[in-house]
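Below is one structure, written out as structure tokens, with a few remarks after it.
The values are calculated or read from the model by the stated rules, or taken from the named source; none is laboratory data. Just so it is clear, the structure is predicted and the values come from calculations on it, not from any experiment. Here the Cβ is made from the backbone with ideal geometry for all residues, glycine too, and neighbour counts use every protein chain on show. Side chains included, ligands, DNA and RNA excluded: accessible areas come from the protein's heavy atoms. Shrake-Rupley method; radii C 1.70, N 1.55, O 1.52, S 1.80 Å.
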Amino acid sequence: MHRNKPDQMKLLSILKNKFGYEGFREGQLDIIKDIFHGQSVLGILPTGTGKSLCYQLPAFSLEGITIVVSPLVSLMVDQVKQLKARGFKRVTAINSLLDHNQRDYILRHLHDYKLIYCSPEMLQNPYFFHRLKSLSVSLFVVDEAHCISQWGHEFRTDYLKLKDRIKELGNPAVLALSATATPQVQEDIQYFLDIPDLKKRIYPMDRPNIAFAIEHVTHWQEKVGRIVQVLKQNPVPTMIYFSSRNWCEKVSETLNQELPDSRVAYYHGGMSSEDRLLIQQQFMNHQLDVICCTSAFGMGVDKQDIRLVIHFHLPTQLESFIQEVGRAGRDGKESVSLALYTEGDEQIPLRLIEQELPTERQVEQIFGDLLKINSTSLPLKDIKEELIAKYELTETQWNFLKYQLEQQKIITGEQFHLEADVLENTCQRTLSLLRERAAIKIKKLYQFIDWIKSTGCRRKDLYRPFQESYQQPVYHCCDHCDFSFSKWNPPIQHQIEERVEGWEVELRKLFHQEA
Amino acid sequence: MYQTILLACIDRIDDEKSFSSIYHLLKGKRSAQTIQDAKAYGLSPIFGILKSLTKNQFRNSLLKLHKDEYIEWKGEETVSLTSTGKSYLSIRKSQEPELAWFDGFNLHHIAPHFRLRLLLWIQTASNLLKNHSHFIPVNDQREVATWVKTFYQKKKNQLDAHFASLHEELHQLLKLHQPFHADIFVATLTGFRKIGLSKQQIAEKWNLTIEDAELYLQSSIHFILNKVHQNQTEFPTLSEFIPHELMQLPLTASAGKTRKLLKQGYTIEQISRRRNLKVNTIQDHIVEIIHVDPSYPVDSFVSAEAEQIIRNKISELNTKRLKVIKEQLPESISYFMIRIVMAKLYQSRDYAYA
């Protein structure tokens, strides 16, 4: 099927010339070779080890096109930008951010691209899929593959529809990728993608160059004080995670006042894409030292020298925590994860969990509304818009509902079919699913809180649910074993003195007129 | 700056109209009503200069002005200046010469384009001159990227010389800014190993509100655009960045179509039927056309005598409220006729703050 399988030398030279890397990281070469042999693979590689290279490199050498399904729109956009900056032009992303004209343009020129990123919802778009089927797809990538399992930390019902799409595309090789998947989730991925000969390439997800510390404080102001203290002693590139936009802005402002020698900025999903891009690039370019951010930041950020990741607020489970911490120390040098905890902090993730899916009350009311409709068949569009507006549903909440309705054939294609007994049934089914899902999420949250409060080795307990053992730490292990901030000696890059110069000097520099 | 603009708008509109008309003006709403307000109250320079404004933001700023006792509530939807507000406004105006730089009605539709072209081109050339071709563009609008690509093809053989003269022209124009204002403008530029600051960062660093940060940047763009447009021989390099649309009348597409049909000799009723639009809508278009094109012949809509009667009444009543004027005129004179005359009266390019 693949006529020109490149050998190892050839792959290395592509890596060097096209991507600018000297060598492969653990796992990359094995997975890439599998792909060139037409083998379907499940790749579990830790965050920050170049998962995306596993399909980006083959994408430009394989004969047909490569589809990447990803739930993270901002990640797609970042990756397309980075690839274009490296000189790969035949790459695009199709998602909800595009306006009608842009989407139209891309769909008409679909045959011009080698690598196409799309959201799982987009794959359900009949016109897009029709266009896709007319092309030859060599590789189908399922990014964040844990989304297929309700035991994963994020669950996307649209992922359950992928297996049919893969079949309709003539069973191309599949690459399922995740950074964090327990053995149970790995099984779910294989089962729901329905690929019996899926080859598993599982690599240890522990990061031996990151030390873990958790500090318990009594008030959020103490958290701020502690951050100021740590950053004064260790002015290193730092990310601080918050649960909300307001917190990002508030603490960023305080830090800017308290840390006159550090350059601090905030980043969250409420900013314009232009501003977000600037902040991200400033951080990459060493113009900023500290970023206060929500989980919206960092997915596509390929910054090698982040030394410290602080959690001001907790995420909802170990998986997210591991992913966020994994942005530290990509260069392999000694880095630290610091989590700050106040009794009762779990209230915030609990609220986030509630918001992920519609509430039981909403579901009851929505089915109540559907039962009242005096018609047996209606266009989907009309009802959808009304429900979303009335119950202020997020896209994820609506997709969850829609999937349940599709399962029971209440929705087929673009039509609603309303029959009382089916509706009653589906309502009960949806409610029990909702309860089950909430129970799983809450269990995962408490698993995480248990870890925060545990008295044993942080490293051992953090990775235990995912793998049997872990590597020996290179620098320090954790605050229960051997770490304290007084022992930490991170490489400190001396800031280039930021001279205060007038606009005329700045303008000359920018235009290279300094002579 | 934002505060001064709000006070100046309230000063002009007073309690004749709901304050939401000010919001629509700043947002640049393309409706016949807003366009007429812009002209009638001499506020066309601020048309569309703060497109990111939200209803909430706007309401909060009114509440703040009220708290500071610069404005008072007249009705549920109307406000006017207090005497404190009036004296504060006249002090602010003299301290903010940049207010006179805005030319929103003529530039609001091309200013963003001009700015994005300039930003992306500076980033591109600054990097390419250092042989650095791998950079992430500061904006990803396809039209802008395409324009920059074509522009590069034109300039690549003399990139050094071109960039030096672009620097020279920008320098000359920024020299006419207050120093801090020029600092702000340059701080937003991105180039080789230097990423520009975001609006929020500008606001923090210079201790401005977010609205003021945006307005200072916007005023620079309007200033540069007009200077360059009026002196193309003096600024040959920058004039290449001006989008062609500036040469066209700032009409909505729909009003443009109506204008074409009128030229071909169709009547209002015929156009209304042909385009399947209400007669009222076509009349709105005609008023819009007169606003942007002072030379447009109106005698087929309003006779010379009627025009004179309306003019006299407007100056006698000294108001811009259509309803009041209409009530004092003979039945035979329609709203449409009054609006045409008002459009002609207030069509000059009036600088609200000059």
* Asked: Failed condition for B:Asn56, given (1) within 11 Å of B:Leu7 (Cα to Cα); (2) within 14 Å of another protein chain (Cβ to nearest Cβ), with all others met?
  -> (1)
* Structure fact -> Among B:Val138, B:Val148, B:Val144, the single one that is within 11 Å of chain A (Cβ to nearest Cβ) and β-branched (Val, Ile, Thr) is B:Val138
* Structure fact -> Taking the stretch A:114-133 and keeping only residues that are within 14 Å of A:Ile65 (Cα to Cα) and either among the basic types (Lys, Arg) or open to solvent by 30 Å² or more (accessible area, probe 1.4 Å) (or both), one is left with A:Lys114, A:Arg131, A:Lys133
* Structure fact -> Within the stretch A:204-218, residues being closer than 26 Å to A:Leu29 by Cβ and assigned to a strand (DSSP E or B) number 1
* To do: Need at least 3 residues that are open to solvent by 20 Å² or more (accessible area, probe 1.4 Å), outside the structural domain of A:Leu45 (by TED's automatic domain parsing) and over 30 Å from A:Gln82 (Cα atoms) per element, so show me which strands (runs of 3 or more DSSP E) inside the stretch A:266-381 make the cut, counting only ones lying wholly within it.
  => A:377-379
* Asked: Taking the condition away from chain A (no Cβ under 13 Å) and either closer than 30 Å to A:Gln257 by Cα or in contact (Cβ under 8 Å) with a residue 40 or more places away in the chain (or both), does B:Phe235 pass?
  -> yes
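Scan the stretch A:189-203 residue by residue and report those that are within 14 Å of A:Tyr470 (Cβ to Cβ) and either over 19 Å from the mean Cα position of the chain (by Cα) or assigned to a strand (DSSP E or B) (or both).
Within the stretch A:189-203, the first condition is being within 14 Å of A:Tyr470 (Cβ to Cβ), and the residues that meet it are A:202-203.
Passing the criteria: only A:Ile202.
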* Which residues, counting only those in the stretch B:105-130, are open to solvent by 70 Å² or more (accessible area, probe 1.4 Å) and in a helix (DSSP H, G or I)? -> B:Arg115
* To do: Specify which of the listed residues (B:Ser165, B:Ser94, B:Ser133) is open to solvent by 70 Å² or more (accessible area, probe 1.4 Å), more than 9 Å from every other protein chain (Cβ to nearest Cβ) and of a type in the set (Ser, Thr, Tyr).
  => B:Ser94
* Failed criterion for B:Ala182 (all others in (1) open to solvent by 20 Å² or more (accessible area, probe 1.4 Å); (2) closer than 23 Å to B:Arg193 by Cα; (3) part of a helix (DSSP H, G or I) hold) -> (1)
* Asked: Can A:His480 be described as away from chain B (no Cβ under 14 Å) and in contact with a Ser or Thr (Cβ under 6 Å, 6 or more places away or on another chain)?
  -> no
* To do: Kindly list, by first and then second residue, each pair from a residue in the stretch A:472-490 that is free of Cβ contacts under 8 Å to residues at least 24 places away in the same chain to a residue that is surrounded by fewer than 18 Cβ atoms within 10 Å (Cβ to Cβ), limited to pairs with Cβ atoms under 9 Å and residues at least 6 apart or on different chains.
  => A:Ser486/A:Gln233
* Structure fact -> For the stretch A:114-135, pairs from a residue that is in the same structural domain as A:Asp104 (by TED's automatic domain parsing) to a residue that is of a type in the set (D, E, K, R) and not in a loop (DSSP other than H, G, I, E, B), with Cβ under 6 Å and 6 or more apart or across chains, are A:Pro120/A:Asp158; A:Glu121/A:Asp158; A:Leu123/A:Arg165
* To do: Output the residues belonging to the stretch A:57-79 that are at pLDDT below 95, farther than 22 Å from A:Ala328 by Cα and of a type in the set (S, T, N, Q).
  => A:Ser61, A:Ser70
* Take the stretch A:386-406 and flag every residue that is at pLDDT 85 or above and open to solvent by 100 Å² or more (accessible area, probe 1.4 Å). => A:Glu386, A:Lys390, A:Glu392
* Is it the case that some residue within the stretch A:480-492 is open to solvent by 40 Å² or more (accessible area, probe 1.4 Å), touching a Cys at 6+ places or on another chain (Cβ under 7 Å) and either in a loop (DSSP other than H, G, I, E, B) or on the phi < 0 side of the Ramachandran plot (or both)? -> yes
* If you scan the stretch A:35-53, which residues turn out to be farther than 20 Å from A:Asp331 by Cβ and touching a residue at least 60 places away in the same chain (Cβ under 8 Å)? -> A:Ile35, A:Gly38, A:Gln39, A:Ser40, A:Val41, A:Leu42, A:Gly43, A:Ile44
